[in-house]
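Shown next, in structure tokens, is the structure this report addresses.
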Amino acid sequence: MAGESVQTEPADGQVKNKTIGQVLAALESDFPGISASKIRFLEDKGLVSPQRTNTGYRKYSAQDIERLRYVLELQRDQYLPLKVIRERLANLDAGKVQVADSEVEVVEAQTAETSAPSRTFTLRELGQEAEVDMPLLRELMKYGLLLENKDAYDEYDLAVTKVCNQLTAHGLHPRHLRAFRAAADREVDLVETAVGPLALRKDETSRARAAELAGDIAQLLLRLHMGLVAGSMPTYE
């Protein structure tokens, strides 16, 4: 609420609930640019529920402030959507997990589905597994998101197909996504440049190290991409 007053700490040392102005002061050093509208937005989304005075002013407890800090850290460091954050908070409230246990890298969550491809599919089986029709699969191949005439499609292809199908619900079709194919190819080139000298060695230890290093670099590139996208996103408050 605009114009909420800032309350001073009581002389007896007891900690009273904070006004929104005091909450902003407490969070500003860790989250520069944090605004009252951002905090109200998180309240509107059900992520924090401060008490209200009889006159309608918000009053934040120490627990409320830590909850806000936790939400803001997940958004800043792990780029988690509000739906996932809300689920984590629900688990915390239910006593199912501790905060420290829930600090899972978003990259791990996003790549878990494709971390160890084992199953293979024909193109028709791929469509059935992803629950998409053949016209969409043809579009994905047309714009390079799936390879044409591939002997067998794997779980990476399945993940790509599922994500592209979900994006069509938001008006983003394969023709809009072809830049991702070019970007992925450039990132693969970067990985190969970095690990190439090691991979060319004959001994198994070097080749195993090259494979491990390639995975690490790929994860870093993914985190870089996510950070750049998240950092450029407009705020809708």
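The values are calculated or read from the model by the stated rules, or taken from the named source; none is laboratory data. Because the structure is predicted, anything quoted here is derived from the model rather than measured. Side chains are part of the model used for accessible areas, which takes the heavy atoms of the whole protein and leaves out ligands, DNA and RNA. Shrake-Rupley method; radii C 1.70, N 1.55, O 1.52, S 1.80 Å.
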Exercise. Can you put SER29, SER35 in order of accessible area, largest first, using a 1.4 Å probe?
Worked result: SER29, SER35
Exercise. What percentages, rounded to whole numbers, describe P(r) for region 16-85 computed over all alpha carbon pairs with 5 Å bin width beginning at zero?
Worked result: 3, 16, 30, 28, 14, 6, 2, 0
For this session: Leaving ligands, DNA and RNA out of it, rank LYS45, LYS59, LYS83 by accessible area with a 1.4 Å probe, largest first.
Result: LYS83, LYS45, LYS59
Exercise. THR120's amide H: which non-local residues (gap 5+, or another chain) put their own amide H closer than 5 Å, with H modeled 1.01 Å from N in plane and none for Pro or chain starts?
Worked result: none
Exercise. Over all Cα pairs of region 138-205, how is the pair count split among 10 Å bins, expressed in % and running from 0 up to the last occupied bin?
Worked result: 18, 39, 26, 13, 4
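Filter the cross-link list LYS16/LYS45; LYS142/LYS162; LYS18/LYS45; LYS38/LYS162; LYS150/LYS202 down to pairs whose alpha-carbon distance in this structure exceeds 27 Å.
From LYS16/LYS45; LYS142/LYS162; LYS18/LYS45; LYS38/LYS162; LYS150/LYS202, over 27 Å: LYS38/LYS162; LYS150/LYS202.
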